[in-house]
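*Asks:* Okay, handing you the structure first.
The values are calculated or read from the model by the stated rules, or taken from the named source; none is laboratory data. This structure is a prediction, so every number in the text was calculated from the model and none was measured. Glycine gets a Cβ as well: all are built from the backbone with ideal geometry, and neighbour counts include every protein chain shown.
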Protein chains: 2
Amino acid sequence: MNRSASIKDVANHASVAVGTVSNVLNYPDRVSQRTKERVLRAIDELGFVRNDAARQLRAGQSRTIGLIVLDVGNPFFTSVVRAAEDAAALQGSAVLLGDSGHNASRESNYIDLFQEQRVQGLLISPVGDITDRLDLLRERGVPTVLVDRLADESKYSSVSVDDDAGGYLAARHLLDTGRRRLAFVGGPTSIRQVADRLQGAQRAVKEEHDATLEVLDSDGQTVLAGRSVGNMLVERGDLPDGIFCANDLLALGVMQSLTMTHTLRIPEDIALIGYDDIDFAVSAVVPLSSIRQPTEALGRTAIELLAEEVESENPRHRAVVFTPELVVRQSTGPAKGSSAG
Amino acid sequence: MNRSASIKDVANHASVAVGTVSNVLNYPDRVSQRTKERVLRAIDELGFVRNDAARQLRAGQSRTIGLIVLDVGNPFFTSVVRAAEDAAALQGSAVLLGDSGHNASRESNYIDLFQEQRVQGLLISPVGDITDRLDLLRERGVPTVLVDRLADESKYSSVSVDDDAGGYLAARHLLDTGRRRLAFVGGPTSIRQVADRLQGAQRAVKEEHDATLEVLDSDGQTVLAGRSVGNMLVERGDLPDGIFCANDLLALGVMQSLTMTHTLRIPEDIALIGYDDIDFAVSAVVPLSSIRQPTEALGRTAIELLAEEVESENPRHRAVVFTPELVVRQSTGPAKGSSAG
DNA sequence: TCCAAACTTTGAATCGTTTCATTGTTACGA
DNA sequence: TCGTAACAATGAAACGATTCAAAGTTTGGA
């Protein structure tokens with residue numbers, strides 16, 4: 001079994017022309033029942049498997065779509081990837097997945113690889129500002145859709161989530177359940193996502209004349225960073241009655257430090273809400289309210305937008321922005337003072 | 001820019017033969033400096049990108065390796081994947097990643113796809129028993145290495161982790177730190193990993209005449225399942241002094257329920273150890289001791305074993321088994337009664 | 001029985017790259 | 001000046017699938 005069987009081998013074995021074998025595979029209706037059976041038997045006996053390289057060479061285009069994400073380990077992206085794969089499968093394409101790991105050179109390698117593979121198009125959640133590189137791709141006829149980033153609609157399509165709206169939702173929910181002294185916990189506001197969520201929260205707070213929002217900087221976006229902020233709050237006293245964390249990990253850290261005091265209670269004394277709705281949110285000591293991002297819709301829509309670009313010669317680009325969703329759990333239940341209904 | 005530039009276009013533009021352009025790309029030493037510069041300029045001006053399909057067609061083999069995992073979202077596999085990608089990059093190959101999501105038909109689709117792509121070989125963490133399918137692949141000349149599963153060495157190479165040894169390590173550590181009434185918490189022992197870990201723990205306990213091991217069945221491998229078991233223990237009383245959970249999620253659940261009593265302390269009253277060393281282990285309320293699996297070595301070795309199979313005509317298969325590693329954190333610190341040194 | 005239409009089958013041309021035998025060029029010692 | 005070795009460049013053939021115009025076969029109505 002040195003070299004795998006080709007369509008020619010199948011043709012010889014079934015005593016037909018190569019074109020007929022090809023027709024059996026691609027246009028079975030054009031072939032008579034008798035011939036079809038003979039060819040299929042030959043395929044089976046030789047263990048023939050189509051050579052995609054030859055197929056693609058002839059076709060001039062592959063049936064694959066490149067997808068480059070920042071971190072496959074991140075549940076947000078895992079979910080986007082899965083939705084994209086499913087949507088692509090529906091239209092008969094396969095997804096080649098690349099994990100840049102926030103690393104520009106890995107990202108660049110994947111772009112090169114995918115370009116050599118002549119992918120139909122590229123979905124990318126870029127590491128930094130790579131508009132130059134993307135412009136080049138566009139010139140070369142590789143349609144690109146930005147994922148989790150808002151794009152200039154004149155040049156690219158994109159799918160993203162409205163973080164400002166998410167921040168608003170979270171803060172509005174704390175206000176609606178009677179909290180007035182709010183705090184926002186988040187890493188450096190140089191991160192766009194963090195800044196937007198904060199901005200949305202501030203917008204909600206401004207709607208209430210008697211509400212305040214304190215901003216607490218965290219050192220990163222981890223459980224430990226959240227715990228530090230929580231410890232700091234407990235030590236200094238003068239506690240807020242509602243805390244909005246820029247992600248769930250931070251919220252879980254804050255939760256740990258507050259509950260460790262054994263005197264503060266969530267949600268009675270302090271309400272807590274996170275962002276992302278990770279798997280752990282539901283199984284925290286006090287199940288954590290959170291903001292869920294529509295990851296499935298992101299992945300699916302990205303594929304659909306790409307399909308539009310592939311099909312039309314001169315497509316109108318679209319920037320689709322999704323609105324996140326509030327998930328209420330125990331951590332933002334009724335406050336101490338509120339009536340039990 | 002209808003169709004991207006081919007090597008022929010480059011040759012015309014630089015006024016050389018196509019073979020020369022190919023040489024510039026593949027054997028730069030064979031080409032004179034002057035010509036090389038001219039060709040490179042042409043490549044740049046036309047934005048030429050190699051067509052990998054044509055390359056592959058001619059070469060008869062691709063430079064890609066297929067990797068199919070059960071769940072990319074699982075940190076264990078994420079880490080294996082990353083290590084495999086890096087190891088593959090070192091030898092000039094790229095990894096095509098497929099996520100079967102524990103679904104046999106998705107798995108099968110990926111095998112088909114990778115076969116059509118003529119991957120050099122396949123790394124797979126199979127959903128069920130697919131020896132038939134793999135035997136076929138072997139006949140067709142697609143070398144395969146099993147990942148996270150012990151293989152029949154006469155037929156396949158494999159990389160896996162010794163779960164029995166891991167279970168032994170965990171229980172031995174509890175015994176070494178003075179615990180004697182141990183409990184094992186784990187899902188159905190029909191899962192091979194769970195059964196092996198339990199078996200290893202039992203082996204350790206048998207080494208001590210005065211130690212006992214109680215087996216507590218959990219309903220799944222989640223935080224909530226762990227919490228149920230913990231609650232059950234607290235209610236019934238008669239607590240063990242050391243608990244070994246079949247994975248970290250279970251351990252975190254047990255930890256939640258025990259610490260919620262506000263009277264039991266970890267590790268003073270009960271020591272707790274998990275398995276997998278997930279990111280959350282270190283940031284639990286009480287940092288969790290655990291058993292770490294050598295995921296990087298798994299991924300790297302899988303690629304190396306595959307390379308052996310690809311290179312030699314008639315390779316000897318090898319089943320490489322790694323031993324996991326004990327990670328001691330606060331949750332198995334000194335017991336209440338023990339001297340402080 | 002004949003003819004046209006409908007249906008099948010054929011096989012050469014094509015895609016873009018690499019390979020390699022062949023041809024062309026240069027350098028240098030005799 | 002000539003011959004030869006070393007070096008450069010050439011371009012046809014090959015990889016395996018698809019396409020499509022052309023040739024071959026069947027069907028059924030007149």
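*Asks:* If you check A:ARG227 against the conditions, is it more than 14 Å from chain B (Cβ to nearest Cβ) and either touching a strand residue (DSSP E or B) at 6+ places or on another chain (Cβ under 8 Å) or not in a strand (DSSP E or B) (or both)? Full working, then the answer.
*Replies:* Values: more than 14 Å from chain B (Cβ to nearest Cβ): no; either touching a strand residue (DSSP E or B) at 6+ places or on another chain (Cβ under 8 Å) or not in a strand (DSSP E or B) (or both): yes.
Judged against the criteria, A:ARG227 is not a match.
*Asks:* If you take the residues in the stretch A:127-146 that are within 16 Å of A:ASP112 (Cβ to Cβ) and aliphatic (A, V, I, L, M), which one is nearest to the other protein chains (Cβ to nearest Cβ)?
*Replies:* A:LEU136
*Asks:* Can you find a residue in the stretch A:148-165 that is closer than 19 Å to A:THR332 by Cα and either among the aromatic types (Phe, Trp, Tyr) or outside any loop (DSSP other than H, G, I, E, B) (or both)?
*Replies:* Within the stretch A:148-165, the subset closer than 19 Å to A:THR332 by Cα is A:165.
In the following step, the residues that additionally are either among the aromatic types (Phe, Trp, Tyr) or outside any loop (DSSP other than H, G, I, E, B) (or both) were identified as A:165.
Within the stretch A:148-165, one or more residues are closer than 19 Å to A:THR332 by Cα and either among the aromatic types (Phe, Trp, Tyr) or outside any loop (DSSP other than H, G, I, E, B) (or both).
*Asks:* Which of the following residues is in a loop (DSSP other than H, G, I, E, B) and more than 30 Å from A:GLN115 (Cα to Cα): A:VAL21, A:VAL16?
*Replies:* Working: A:VAL21 fails: in a loop (DSSP other than H, G, I, E, B).
The conditions single out A:VAL16.
*Asks:* Separate question: Being under 14 Å from the mean Cα position of the chain (by Cα) and not basic (Lys, Arg) is true for just one of A:LEU46, A:LEU113, A:LEU97. Which residue is that? Give the derivation first.
*Replies:* Values: A:LEU46 fails: under 14 Å from the mean Cα position of the chain (by Cα); A:LEU113 fails: under 14 Å from the mean Cα position of the chain (by Cα).
Residue meeting the stated conditions: A:LEU97.
*Asks:* What is the residue count in the stretch A:1-26 for residues that are more than 11 Å from DNA strand D (Cβ to nearest atom) and of a type in the set (Gly, Ala, Ser)?
*Replies:* The qualifying residues number 2.
*Asks:* Given the criterion in a helix (DSSP H, G or I), within 11 Å of DNA strand C (Cβ to nearest atom), over 30 Å from A:GLY73 (Cα atoms) and small (Gly, Ala, Ser), identify the matching residue among B:ALA53, B:ALA5. Quick ask: steps written out before the conclusion?
*Replies:* Values: B:ALA5 fails: in a helix (DSSP H, G or I).
Of the residues listed, the single one that is in a helix (DSSP H, G or I), within 11 Å of DNA strand C (Cβ to nearest atom), over 30 Å from A:GLY73 (Cα atoms) and small (Gly, Ala, Ser) is B:ALA53.
*Asks:* Which of the numbered conditions does B:GLY60 fail, given that it passes all the others? Conditions: (1) within 14 Å of chain A (Cβ to nearest Cβ); (2) of a type in the set (Gly, Ala, Ser); (3) surrounded by 16 or more Cβ atoms within 10 Å (Cβ to Cβ).
*Replies:* B:GLY60 satisfies every listed condition except (3).
The rows are residues; the columns are (1) within 11 Å of DNA strand C (Cβ to nearest atom); (2) under 30 Å from A:GLU304 (Cβ atoms).
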site	(1), (2)
A:ALA11	yes, no
A:ALA14	yes, no
A:VAL24	yes, no
A:ASP29	yes, yes
A:GLY47	no, no
A:ARG58	yes, yes
A:ILE65	no, yes
A:GLY73	no, yes
A:VAL81	no, yes
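A quick yes/no check of all residues on (1) among the hydroxyl-bearing types (Ser, Thr, Tyr); (2) within 12 Å of DNA strand D (Cβ to nearest atom); (3) within 12 Å of chain A (Cβ to nearest Cβ); (4) under 30 Å from B:PRO294 (Cβ atoms):
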site: B:PRO28; (1), (2), (3), (4): no, yes, no, no
site: B:ARG50; (1), (2), (3), (4): no, no, yes, no
site: B:VAL69; (1), (2), (3), (4): no, no, yes, yes
site: B:PHE77; (1), (2), (3), (4): no, no, yes, yes
site: B:VAL81; (1), (2), (3), (4): no, no, yes, yes
site: B:ALA87; (1), (2), (3), (4): no, no, no, yes
site: B:LEU90; (1), (2), (3), (4): no, no, no, yes
site: B:ASP99; (1), (2), (3), (4): no, no, yes, yes
site: B:ILE111; (1), (2), (3), (4): no, no, yes, yes
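*Asks:* Determine, yes or no, whether B:VAL10 is buried (at least 17 other Cβ atoms within 10 Å of the Cβ), away from chain A (no Cβ under 11 Å) and part of a helix (DSSP H, G or I). Show your work before the answer.
*Replies:* On the way: buried (at least 17 other Cβ atoms within 10 Å of the Cβ): yes; away from chain A (no Cβ under 11 Å): yes; part of a helix (DSSP H, G or I): yes.
So B:VAL10 passes the test.
*Asks:* Something else: Take the conditions part of a loop (DSSP other than H, G, I, E, B), within 23 Å of A:VAL327 (Cβ to Cβ) and under 31 Å from the mean Cα position of the chain (by Cα) and apply them to A:GLN256. Does it pass? Steps first, please.
*Replies:* On the way: part of a loop (DSSP other than H, G, I, E, B): no; within 23 Å of A:VAL327 (Cβ to Cβ): yes; under 31 Å from the mean Cα position of the chain (by Cα): yes.
Considered against the rule, which asks whether it is part of a loop (DSSP other than H, G, I, E, B), within 23 Å of A:VAL327 (Cβ to Cβ) and under 31 Å from the mean Cα position of the chain (by Cα), A:GLN256 comes out as no.
*Asks:* Same structure again: Are there any pairs with C-beta distances below 9 angstrom linking a residue in the stretch A:53-64 that is within 13 Å of B:ARG55 (Cβ to Cβ) and touching a residue at least 60 places away in the same chain (Cβ under 8 Å) to a residue that is of a type outside the set (Ser, Thr, Tyr) and near DNA strand D (Cβ under 6 Å from one of its atoms), with the two at least 6 apart or on different chains, and if so which?
*Replies:* Close Cβ pairs satisfying both conditions: A:GLN56/B:LEU57.
*Asks:* Can you work out which of the residues in the stretch B:230-255 that are β-branched (Val, Ile, Thr) and buried (at least 23 other Cβ atoms within 10 Å of the Cβ) is nearest to B:ALA335 (Cα to Cα)? Write out each step before concluding.
*Replies:* Residues of the stretch B:230-255 β-branched (Val, Ile, Thr): B:234, B:243, B:254.
Imposing the further condition that a residue be buried (at least 23 other Cβ atoms within 10 Å of the Cβ) reduces the set to B:243, B:254.
Details: B:ILE243: 13, B:VAL254: 18 Å.
Taking the candidates together, the pick is B:ILE243.
*Asks:* Among the residues of the stretch A:114-136, write down those that are surrounded by fewer than 22 Cβ atoms within 10 Å (Cβ to Cβ) and in a helix (DSSP H, G or I).
*Replies:* A:GLN115, A:GLU116, A:THR131, A:ASP132, A:ARG133, A:LEU134, A:ASP135, A:LEU136
*Asks:* Quick check on the stretch A:30-48: of everything there that is within 30 Å of A:GLN117 (Cβ to Cβ) and within 14 Å of chain B (Cβ to nearest Cβ), which residue is nearest to DNA strand D (Cβ to nearest atom)?
*Replies:* A:PHE48
*Asks:* Applying the selection to the stretch A:91-107, what residues are more than 22 Å from A:PHE76 (Cα to Cα) and surrounded by fewer than 16 Cβ atoms within 10 Å (Cβ to Cβ)? Walk me through how you get there before you give the answer.
*Replies:* First, the residues of the stretch A:91-107 that are more than 22 Å from A:PHE76 (Cα to Cα): A:91-93, A:105.
The answer is A:GLN91, A:GLY92, A:SER105.
*Asks:* Next question. Which of the residues that make up the stretch B:128-167 are more than 21 Å from the chain's Cα centre (by Cα) and of a type outside the set (A, V, I, L, M, F, W, C)?
*Replies:* B:ASP132, B:ARG133, B:ASP135, B:ARG138, B:GLU139, B:ARG140, B:GLY141, B:SER154, B:LYS155
*Asks:* Hey, another quick one. Here are the criteria: (1) closer than 23 Å to B:VAL194 by Cβ; (2) of a type in the set (Val, Ile, Thr); (3) in a helix (DSSP H, G or I). Tell me which single one B:ILE111 does not satisfy.
*Replies:* Result: B:ILE111 fails condition (1) only.
*Asks:* Only one of these conditions is not met by B:GLN61: (1) at pLDDT below 95; (2) assigned to a helix (DSSP H, G or I). Which number is it?
*Replies:* Of everything listed in (1) at pLDDT below 95; (2) assigned to a helix (DSSP H, G or I), B:GLN61 misses just condition (2).
*Asks:* Same structure again: Six or more apart or on different chains, Cβ under 9 Å: which pairs go from a residue in the stretch B:31-52 that's in contact (Cβ under 8 Å) with a residue 12 or more places away in the chain to one that's hydroxyl-bearing (Ser, Thr, Tyr) and within 11 Å of DNA strand D (Cβ to nearest atom)? Could you list them?
*Replies:* What qualifies is B:THR35/B:THR20; B:ARG38/B:SER15; B:VAL39/B:THR20; B:ALA42/B:SER15.
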